[in-house]
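Worksheet for the structure shown next.
The values are calculated or read from the model by the stated rules, or taken from the named source; none is laboratory data. Everything numeric in this text was worked out from a predicted model, so none of it was measured. Heads up, the Cβs are rebuilt from the backbone with ideal geometry, glycines too, and the neighbour counts pull from every protein chain shown.
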């Protein structure tokens, strides 16, 4: 098993989903910045949190701009759509820590995104086909 640990900012609020087998899934993207100054570069990691952690209160705090430390198993998803080849860094989250301050107003002013029972994930290709937001969270 490989373990990838990194810190970064969430690019968008997390989204809860239900898999075909009834498992709760929480997805979010994290911008990982390397370098500095004019050499700074942001790499995006699509993170998936499963089970009890995805069902609890934690997703309410996973809002755009929140700094996090994530540890999990990393993989590279590759797919082709309309003749174009795409790839995305994907992390199955084992642990996540909130870093820095998040104000109660940030959480309470945003309504929690409910689980959409009609959106069912059937395969990894369904997950990979979703787009990242292109704007930077910071």
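Observations on the structure shown:
- Exclusive hit being out of contact with any helix residue (DSSP H, G or I) (no Cβ under 8 Å at 6 or more places or on another chain), farther than 17 Å from residue 14 by Cβ and either part of a loop (DSSP other than H, G, I, E, B) or at pLDDT below 90 (or both), set 134, 75: 134
- Hey, residue 48 crowded, with 17+ Cβ neighbours inside 10 Å, in a strand (DSSP E or B) and in contact with a helix residue (DSSP H, G or I) (Cβ under 9 Å, 6 or more places away or on another chain) or not: yes
- Exactly one residue out of 71, 48 is within 19 Å of residue 23 (Cα to Cα), in contact (Cβ under 8 Å) with a residue 40 or more places away in the chain and under 13 Å from the mean Cα position of the chain (by Cα): that is 48.
- Residues being touching a helix residue (DSSP H, G or I) at 6+ places or on another chain (Cβ under 7 Å) and either modelled with pLDDT of 90 or more or not in a strand (DSSP E or B) (or both) are represented in the range 26-45 by at least one member.
- Subset of the range 79-92 (residues that are within 13 Å of residue 46 (Cα to Cα) and in contact with a helix residue (DSSP H, G or I) (Cβ under 8 Å, 6 or more places away or on another chain)): 88, 90
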